[in-house]
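First up is the structure itself, then whatever we jot down about it.
The values are calculated or read from the model by the stated rules, or taken from the named source; none is laboratory data. Small disclaimer: the values here were computed from a predicted structure and weren't measured. Neighbour counts are summed over all protein chains in view; Cβ atoms, including those assigned to glycine, are modelled from backbone coordinates with ideal geometry.
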Amino acid sequence: MKIAVLPGDGIGTEIVAEAVKVLNTLGLDLQMEQALVGGAAYEVHGHPLPESTLKLAQESDAILFGAVGDWKYDKLDRPLRPEQAILGLRKHLGLFANFRPAICYEELVGASSLKPELIAGLDILIIRELTGDIYFGQPRGRRIATDGHFPGTEEAFDTMRYSRPEIERIAHVAFQAARKRSKKVTSVDKANVLETFQFWKDVVTEVAKEYPDVALEHMYVDNAAMQLVKKPKAFDVLFTGNMFGDILSDEASMLTGSIGMLPSASLNAKGQGLYEPSHGSAPDIAGQGIANPLATILSAAMMLRFSLNQAEAADRIEAAVKDVLAAGYRTADIWSEGTKRVSTREMGDAVVAAITKTTIKG
Ligand code: NAD
């Protein structure tokens, strides 16, 4: 089982080191190879996704990814910016299906900004389409406007587009995932305003006919944003396009207490996957040893389950994370009065100790 380990920038290196440490305690035959990506790769190779890194990713069964980006690269031409690395990996590997489970652990109910009764027991799955929509649609760019309200002035534009096969394949992923859960899919769109999302809604409704055992509801994205904080437990599988999914999954992260708790998996048609925390490189706290590594450690568990067929090992990691939270270990982002504040490394050590059932130090 070959894993490409791409820590990236900012807290990426700190949190991935902890996930690798956890993977190494499982006694599995894992071949992990590390490579530069993002700003770190740009510094050395002049490109955020060098050929060698892409080749390693393509040849691996799975990719464990940290995060990329730093404000200092904001002035670079867009193709050279660190964030292009993750977009490039998604595109080159065809990683179209993004799974973001938002689970509120009992011990973290108090860390959420919502009332405990709204989020206790929360377990929703956000499925986001990842390779289409306005993020990749062409044409895009800047130009001098020839029409509109201000002809002759500068304007910028992007193109929102989805093809039928793109919508069909992600819809199948959502319905199949729902079959393993409570058989309910909420498809989030903006069909009242956008042609692209009226088409989305029509195609999803057609695909739903193949899954008569799964209940389908449609919801406009503005309402979904509201319902996520009003009555989040009413969702089970929340399924949407690339941009709406980007925004709603960050919103959902706060239901769970911290974005530092939210893992994600991005899969292609072959089951090959990229596993990363839902958050970014957090330059504001990079190098301080205070980042929460649990989203990355939980992403490693998803990797074992989805791409490496090691469900039992994934269960062990997830159980260990519950154990350390129950034992009161908290990084700064989820700390509250009466719990033990620990560093990134100490949190990783605690998970390792919980897996090996040795005493958790602290
Ligand atoms: P961010 O997710 O990096 O940070 C948002 C806030 O959450 C910050 O206050 C940060 O300190 C906090 N945070 C994030 N992860 C945390 C963790 N594990 N533990 C504790 N606190 C955590 O988003 P941002 O600040 O908007 O973006 C920073 C950089 O990351 C930008 O360059 C952006 O483009 C990039 N980014 C990369 C990815 C990716 O690599 N997939 C995703 C999102 C943003």
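Key figures
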read-out	value
Among residues of the stretch 1-34, those that are part of a strand (DSSP E or B) and either buried (at least 24 other Cβ atoms within 10 Å of the Cβ) or over 17 Å from the mean Cα position of the chain (by Cα) (or both), counted	10
Residue match in the stretch 103-113 (condition: touching a strand residue (DSSP E or B) at 6+ places or on another chain (Cβ under 8 Å), surrounded by 20 or more Cβ atoms within 10 Å (Cβ to Cβ), more than 18 Å from ALA326 (Cα to Cα) and in contact (Cβ under 8 Å) with a residue 24 or more places away in the chain)	no
Selection status of ARG128, in a strand (DSSP E or B), basic (Lys, Arg) and either in contact with a strand residue (DSSP E or B) (Cβ under 9 Å, 6 or more places away or on another chain) or closer than 16 Å to LEU262 by Cα (or both)	yes
Selection from the stretch 58-97 of residues that are away from the ligand (no atom under 11 Å from the Cβ) and in contact with a Phe, Trp or Tyr (Cβ under 9 Å, 6 or more places away or on another chain)	ALA62, ILE63, LEU64, LEU76, LEU80, LYS91
Index of the failed condition, SER52 passing every other in (1) within 16 Å of the ligand (Cβ to nearest atom); (2) polar (S, T, N, Q); (3) surrounded by fewer than 21 Cβ atoms within 10 Å (Cβ to Cβ)	(1)
Qualifying residues in the stretch 266-279 (those that are surrounded by 22 or more Cβ atoms within 10 Å (Cβ to Cβ) and either touching a Lys or Arg at 6+ places or on another chain (Cβ under 6 Å) or not aromatic (Phe, Trp, Tyr) (or both)) - the one farthest from VAL37 (Cα to Cα)	LEU267
Any hit, the stretch 180-198, residues being surrounded by 20 or more Cβ atoms within 10 Å (Cβ to Cβ), within 16 Å of GLY132 (Cβ to Cβ) and within 18 Å of the chain's Cα centre (by Cα)	yes
Filtered residue count, the stretch 253-308, keeping only those that are in a loop (DSSP other than H, G, I, E, B) and either of a type outside the set (Ser, Thr, Tyr) or within 11 Å of the ligand (Cβ to nearest atom) (or both)	25
Some residue of the stretch 78-90 being touching an Asp or Glu at 6+ places or on another chain (Cβ under 6 Å) and in a helix (DSSP H, G or I)	no
Search result, residues across the stretch 330-347 that are within 14 Å of the ligand (Cβ to nearest atom), among the hydroxyl-bearing types (Ser, Thr, Tyr) and farther than 18 Å from ALA286 by Cβ	none
Selection status of GLU206, out of contact with any strand residue (DSSP E or B) (no Cβ under 9 Å at 6 or more places or on another chain) and at pLDDT 95 or above	yes
Candidate set from the stretch 309-329 (those that are among the charged types (D, E, K, R) and more than 19 Å from ILE259 (Cα to Cα)); member that is nearest to the ligand (Cβ to nearest atom)	ASP323
Out of PHE199, PHE175, PHE150, sole residue that is part of a helix (DSSP H, G or I) and out of contact with any Asp or Glu (no Cβ under 8 Å at 6 or more places or on another chain)	PHE199
Enumeration of residues in the stretch 93-123 that are closer than 24 Å to ILE334 by Cβ, aliphatic (A, V, I, L, M) and in contact with a Ser or Thr (Cβ under 9 Å, 6 or more places away or on another chain)	ALA102, ILE103, LEU108, ALA111, LEU118, ILE119, LEU122
